[in-house]
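Below you'll find the structure, written out as structure tokens, and then a few comments.
The values are calculated or read from the model by the stated rules, or taken from the named source; none is laboratory data. The structure presented is a predicted model; accordingly, all values stated were derived computationally and were not measured. Here the Cβ is made from the backbone with ideal geometry for all residues, glycine too, and neighbour counts use every protein chain on show. Accessible surface is based on the protein model in full, side chains and every heavy atom, while ligands, DNA and RNA are left aside. Shrake-Rupley method; radii C 1.70, N 1.55, O 1.52, S 1.80 Å.
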Amino acid sequence: MNKPAELSFKQIQVGDTFRVEKTFHDEDLDRFAALSGDYSPLHMDNDYAKAAGFEGRVVHGMLLASLFSNLIGMRIPGKHALYLASDLAFRRPVRAGEHVTALMRVTGKNPSTSTILLSTEIRNAEDQVVVGGMARVKVRDNEPTEDFPIPTHSALPKGGKVILVLGGSGGIGSQTARVLGKQGMAVAVHYHQNVEQAKRIVGEIIDHGGVALAVTADVRENRAVERMIQSIINHFGRLDALVNCAMGDLYHRSIHELDWSHFMHHLDCQLKGVFNLCQAAHPHLKKTGGAVVNILSQVTWDAPPPLMADYVAAKYALKGFSKALAVEWAEDAIRVNTVSPGLLRTDLTEHLNERIFKTEVGRTPLRRLATTEDVALAIAFLLGDGAAFFTGVDLPVTGGQTMN
């Protein structure tokens, strides 16, 4: 009997990926039918399955899903696993004798509950997704999941602005927090799961003489957002601007591989969270004549890339919301603008083929990719006095790929 892994919650990192390969044969289907009581002829009768339009016996969906149980119970995290929830969509049939690969990728961690969020999929020999979804697992390692103390500095500089950076532990967000800190602004660095990165960013800002505070919330939850905003007000006494850098995971899937849950995932990350945050922050931004900067994408300018309909749709939704907010909040002297970066090298894009990056460089008049520093400086400009008469504006940080 194989020995399961014993990963602790701290050892598991966002982006970790695990896989297992399997070929289910006729005898596997027979044993599963005896165990489950599912003797549907689609699974048991080869001639019936062929007459129904399939090439042979179809593997039970739950038998395929058992590969996820294998990965969770043996590898991620292994011994300490408690499988809490799973949301699966069965997109293509798998025939007996067909080779498949099951993959699980860590997409989030919640230190307060010691749970991890996993994207799950099974691909066939043609690399088509046959099963996809999400899973939530509790890691029962009994180790304390420290999320504080985090270094803070509460002395707000005279005349300094207080900026909340949503997704401040991510690639664009962390660089934006650094740039704003260097420019003398007090930065509230938001994180949801990546507390260690938030600690590092806050520490770096303070080490360079800046002012920073780490704050946490699941921005999809109204009350959590309200508590986070109030903690900033309690600490600094004011809030001058919001920068929304939160992002969902990036995957390339055709329309036929998508289901509505994929769209909802991106809408929750990129629209619902911003909506909740703006509602909660409005009274404070109104007092200071504040500003909002939302991160869009080059995909909302020209023809979008293929196989990203869920991501593209969410970015267009955020674009529309930002424009509507710019009009509605103008009477409160709150400016709402957006930044649309081109392709960047971040943790979210590290899985892309190097050929894609080289192609983008070739298409860019300035002959290089955008950097997180480029995006951060554009955000800082929109928050500064030089953009005092800008609202409803979208700045494309694309090196000339998009031009007005």
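Listed values, structure above:
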| read-out | value |
| --- | --- |
| Pair list, Cβ < 6 Å and 6+ apart or interchain, from the range 171-192 residues that are on the phi > 0 side of the Ramachandran plot to residues that are surrounded by fewer than 24 Cβ atoms within 10 Å (Cβ to Cβ) | GLY184/PRO157; GLY184/GLY160 |
| Qualifying residues in the range 214-252 (those that are of a type in the set (Ser, Thr, Tyr) and within 18 Å of the chain's Cα centre (by Cα)) - the one surrounded by the most Cβ atoms within 10 Å (Cβ to Cβ) | THR216 |
| Some residue of the range 28-46 being touching a strand residue (DSSP E or B) at 6+ places or on another chain (Cβ under 6 Å) and within 18 Å of LYS109 (Cβ to Cβ) | no |
| Single match in GLN279, GLN298 (criterion: surrounded by fewer than 19 Cβ atoms within 10 Å (Cβ to Cβ) and either in contact with a strand residue (DSSP E or B) (Cβ under 6 Å, 6 or more places away or on another chain) or on the phi < 0 side of the Ramachandran plot (or both)) | GLN279 |
| LEU88 at pLDDT below 90, assigned to a strand (DSSP E or B) and either surrounded by fewer than 17 Cβ atoms within 10 Å (Cβ to Cβ) or touching a Cys at 6+ places or on another chain (Cβ under 8 Å) (or both) | no |
| Test: residue in the range 304-315 that is crowded, with 21+ Cβ neighbours inside 10 Å, within 19 Å of GLU226 (Cα to Cα) and of a type outside the set (Val, Ile, Thr) | no |
| Subset of the range 381-395 that is touching a helix residue (DSSP H, G or I) at 6+ places or on another chain (Cβ under 9 Å) and not aromatic (Phe, Trp, Tyr) - its residue that is surrounded by the fewest Cβ atoms within 10 Å (Cβ to Cβ) | GLY392 |
| Close pairs (9 angstrom Cβ cut-off, 6 or more residues apart or separate chains): part of a loop (DSSP other than H, G, I, E, B) and of a type in the set (Val, Ile, Thr) in the range 104-132, modelled with pLDDT under 80 and open to solvent by less than 40 Å² (accessible area, probe 1.4 Å) anywhere | THR113/THR145 |
| Single residue of the range 158-173 satisfying the filter (more than 15 Å from ALA291 (Cα to Cα) and open to solvent by 10 Å² or more (accessible area, probe 1.4 Å)) that is modelled with the lowest pLDDT | LYS158 |
| Checking GLY61 against (1) surrounded by 12 or more Cβ atoms within 10 Å (Cβ to Cβ); (2) farther than 30 Å from MET134 by Cβ; (3) among the small types (Gly, Ala, Ser), the condition it does not meet | (2) |
| Residue in the range 176-213 that is farthest from ALA246 (Cα to Cα), counting only those that are of a type in the set (Gly, Ala, Ser) and surrounded by fewer than 23 Cβ atoms within 10 Å (Cβ to Cβ) | GLY209 |
| Matching option when the condition is among the β-branched types (Val, Ile, Thr) and out of contact with any helix residue (DSSP H, G or I) (no Cβ under 9 Å at 6 or more places or on another chain), among THR371, THR338, THR359, THR346 | THR359 |
| Residue that is modelled with the lowest pLDDT [pool: residues in the range 1-43 that are among the hydrophobic types (A, V, I, L, M, F, W, C) and more than 30 Å from HIS192 (Cβ to Cβ)] | MET1 |
| Number of positions in the range 27-52 that are under 11 Å from ALA96 (Cβ atoms) and more than 39 Å from the chain's Cα centre (by Cα) | 5 |
| Of all residues making up the range 53-90, the number that are acidic (Asp, Glu) and within 25 Å of the chain's Cα centre (by Cα) | 1 |
